[in-house]
Structure formats: structure tokens, C-alpha cells
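Here the structure is laid out as C-alpha cells; the discussion comes afterwards.
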Amino acid sequence: LVQLAESGGGSVQAGAPLRLSCVASRYSVTNRCMGWFRQAPGKEREGVATILNDGTETYVASAKGRFTISKDNAENTLYLQMNSLQVEDTAVYYCAAAQARQFGGRCPLLFQNYNYWGQGTQVTVSS
């Protein structure tokens, strides 16, 4: 069965970085859409970043320029490097993986397209 193991969350001051990791088991990160989503209290789950099997990256507007999604195929691990964190970034962050290689040539920021999920890791940013 597919398992996604997340780590790297924590509590930081605004402006600090964090790097989230997601180690996949029974799933190859090289072939299919993967992404990071987040959910803050009282808000809908939001797509943060996705990556296509060829490395093409997609970001939510608020993350563009600050966050970088990447993967290490050899380690079968997905990453999210978050720089210049803001209070508004506070949320539970989830690693997600799809069965599909792509959706119309892209990996969308839509949680409905993803089949496997990690347990989530809390990111708290304080001013």
C-alpha cells in the first residue's frame, strides 16, 4: 500500500525558513503528480505547490517566489522548501500523490485529483 511520511514542520518566527520532506513508500515519485497542500483552521484545503513528472512546478500565488517544490528520485522523497515564512502560512501541510501522471499536461492545485495523503505536519509562524 502507498504510504507518505511527512516531516519538517515546526514553530518559527516570521521570515524564517522550513523544509518539509515526504518519503514515499510503495510509490515512485518519478512518474506521477505530487504536491503539497495546506489547511488552516476555518479554511478550505488549499493547493500550495505541485510538480509534474518532468519537474514542471506549479504554485499558488501566495507561495510563488518563496516556496520551492522539488523531489529526489533516488531517495523517493518530495520536498517543500519554504522561505520567508509569514503568519498567513500557518497551517497543517499535507503531502499528496496522484495515480495519474498528469491532468491535461499539468498537475493541478486541486486536492480532488490526488489519491494518497500523508498525515500532515503542523507549520506555525509567529510574528
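Would you mind getting me the FRET efficiency between Gln112 and Lys64? Use the beta-carbon distance for r and R0 = 25 Å, nearest 0.05. Could the numbers behind the result be given before it?
Working: r = 22 Å, r/R0 = 0.88.
Efficiency computed from Cβ-Cβ geometry: 0.70.
Once backbone amide H atoms are built at 1.01 Å from N, Leu85 has Gly15, Ala16 as its partners under 5 Å, excluding neighbours fewer than 5 places away on the same chain.
Given +1 on the Cβ of Lys and Arg, -1 on the Cβ of Asp and Glu, and no further charges, what dipole in debye does the chain carry about its Cα centre, rounded to the nearest 20? Kindly include the intermediate steps, with their values, before the conclusion.
Details: 11 positive and 9 negative charges, 38 e Å.
Here the size comes out at about 180 debye.
Tell me the relative contact order for region 43-96 as a rounded percent, counting alpha carbon contacts under 8 Å between residues six or more apart.
Working: 44 pairs, mean separation 12.2, N = 54.
So the answer I get is 23 percent.
So what's the net charge close to Arg32: Lys and Arg +1, Asp and Glu -1, counting the other residues with Cβ under 14 Å from its Cβ? Computed value for this residue: +3.
Summarising the amide proton neighbourhood of Gln102: residues at separation of 5 or more, or on other chains, whose placed amide H is nearer than 5 Å comprise Cys33.
To the nearest µm²/s, what D does Stokes-Einstein give for region 1-58 at 10 °C and 1.306 mPa s, using the Kirkwood radius over alpha carbon pairs as Rh?
119 µm²/s
For region 11-20, backbone phi angles converted through the Karplus equation (6.51, -1.76, 1.60; θ = phi - 60°) give residue-by-residue couplings of 10, 9, 7, 3, x, 7, x, 9, 10, 9 Hz, Gly and Pro being listed as x. Counting every pair of alpha carbons in region 3-97, the share spaced more than 21 Å apart comes to 26 percent.
In terms of accessible area, using a 1.4 Å probe and ignoring ligands and nucleic acids, Glu88, Glu57, Glu44 rank largest first as Glu44, Glu88, Glu57. When only Cα pairs below 8 angstrom with a gap of at least 6 residues are kept, the chain shows a relative contact order of 36 percent.
For region 4-61, the relative contact order is 23 percent, taking Cα pairs closer than 8 Å that sit 6 or more residues apart in sequence and dividing their mean separation by the residue count. Computed 3J(HN,Hα) for region 26-34, one whole-Hz value per residue from the Karplus formula 6.51 cos²θ - 1.76 cosθ + 1.60 where θ = phi - 60°, is 6, 7, 9, 6, 7, 10, 9, 4, 9, glycine and proline marked x. Note: region 43-93, Cα convex hull, 91 Å³ per residue. Between Gly118, Gly10, Leu20, the Cα set farthest toward the positive side of the dipole of the chain (charges on each charged residue's Cβ, about the Cα centre) is that of Gly118.
The values are calculated or read from the model by the stated rules, or taken from the named source; none is laboratory data. For clarity, every value in this text was computed on a predicted model and none was experimentally measured. Ideal geometry is used to build each Cβ from the backbone, glycine not excepted, and the neighbour counts take in all protein chains shown. Just so you know, the surface numbers come from the protein's heavy atoms only, side chains and all, with ligands and any DNA or RNA stripped out. Shrake-Rupley method; radii C 1.70, N 1.55, O 1.52, S 1.80 Å.
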